[in-house]
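The structure appears below as structure tokens.
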Amino acid sequence: MLTYIIIAAIKSALVLFVLLTAVAYTVWLERKVVGRMQNRWGPTRVGPFGLLQPLADGLKFILKEDLTPPTAHELLFLLAPLISVVLALTAISVIPFGGNITIGRWTTSLEITGGPAGGDINIALLILLGVTSIAVYGVALAGWSSNSKYSLLGALRASAQMISYELSLGLSLVGVLLLAGSLSLRDIVNAQSTRVHGAYLGYLPHWYIFPQFIAFFIYLISAYAETNRIPFDLPEAETELVAGYHTEYSSMKFAMFFMAEYANMVTVASVATLLFFGGWHGPVPHSLPPILQALVPVFWFCLKVFFFIFVYIWVRGTLPRFRYDQLMAFGWKVLLPLAIANIIVTSLIVALIS
């Protein structure tokens, strides 16, 4: 038991450090990529290629004055960003990012909640959906506790949007669960480790993106809406609501909402990688030492996650914002019926094949 606690603490510290660093440099990457798309330079002044800009932004947030509106509900005003960032960081704890690794006489899975001898939680996907769905409370409390009309309208928009698109997001994953027959993220990834059978398809990986392309499309669109990203960033539309639900926040409390948004981007990209793109599976050179062979899958996992984050940024620099009625109509009238139809067709095919 003590060994498990020590290993879990070490993995938690490493994953937390990597995640927070990834969040900081995702902001830098977004500013650079969108700058290039718009014929600008992006960050260039702080460090080479602007690489120290995240550090400068972090110091700026720490040193800025922390203001609380006199009419705000102080306790809930403080708890709201805390709820958002804690839930965003908690969601990553059940995501596996590699196989098992052996160091000396210790073997553990590359996952915070994995045991000292490997393995994972067999309902990890269910836990992940539960944790991410609670995140709406942080946004709702932020808008209500601020006692501001702009904040309240942003919180109402966010609550309706997140609840609406949570349905289609969850239903889009049912097709994958029917094919894999498990709620364990590790089992779902291992089910995609083979090759597609057929004379001309033998070189294709058995990723679920191919039989579940419609489900992936629904998941991707719902994920944009869930994380309040363009073109679905209506809860913080600056032309209408100043900054939406976090209008009254400043200093580190504002930064916590910022961190939660980008941490959720990483989580969404990780889930897409695990469920649709084979997770950490990829070519591994057998000439490498055993420790490096165990770490090469982590490289493939991170590469796929990076691809999804780049697509996130690409969409932000390409598409305009929806109107709110278009946003809600698209979720309820298009994505939800399409997700239900995908479940029916997939279940019929699985029943016929089995």
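The values are calculated or read from the model by the stated rules, or taken from the named source; none is laboratory data. What you are looking at is a predicted structure, and each value in this text was computed from that prediction instead of being measured. FYI the Cβ positions are ideal-geometry reconstructions off the backbone, even for glycines, and counts take in every protein chain you see. Quick note on the areas: whole protein, heavy atoms, side chains included, nothing else; ligands and nucleic acids left out. Shrake-Rupley method; radii C 1.70, N 1.55, O 1.52, S 1.80 Å.
Brief remarks on what is shown
- Under the criterion of Cα pairs below 8 Å and six or more residues apart, the relative contact order for the chain equals 22 percent.
- With all protein chains modelled, accessible area of residue 247 [1.4 Å, Å²]: 40
- Candidates 131, 334, 23: whichever shows maximal mean-square fluctuation once the chain is modelled as a Gaussian network with Cα springs under 10 Å: 334
- Reachable lysines, given that their alpha-carbon falls under 22 Å from the alpha-carbon of residue 11 and they are not under 8 places away in the same chain: 304
- Rounded tilt (10° steps) of 251-276 against the dominant C-alpha axis of the chain: 20
- Placing unit charges on the Cβ atoms only, positive for Lys and Arg and negative for Asp and Glu, gives the chain a dipole magnitude near 720 debye about its Cα centre.
- Dividing the summed helix terms, -39500 (n - 2.57) for each DSSP H run of n ≥ 4, by the number of residues in the chain produces a 222 nm estimate of -20500 deg cm²/dmol to the nearest 500.
- Listed candidates (i) 27, 52, 17, 3, 1; (ii) 27, 58, 15, 0; (iii) 27, 52, 20, 1 - label of the one calculated as P(r) over Cα pairs in 20 Å bins from 0, in percent: (ii)
- Partner lysines whose Cα lies under 17 Å from the Cα of residue 64, excluding those fewer than 8 positions away in the same chain, are identified as 253.
- Size of charge dipole - segment 213-327 - debye, nearest 20, with Cβ of Lys, Arg +1 and Asp, Glu -1, no other charges: 380
- When the chain is described by a simple charge dipole with +1 on each Lys and Arg Cβ and -1 on each Asp and Glu Cβ, the residue from 322, 282, 6 located farthest towards its positive end is 282.
- Counting heavy atoms of the protein chains alone, residue 66 has an accessible area of about 90 Å² for a 1.4 Å probe.
- Residue 74 accessible area, 1.4 Å probe, all protein chains in place, Å² to nearest 10: 140
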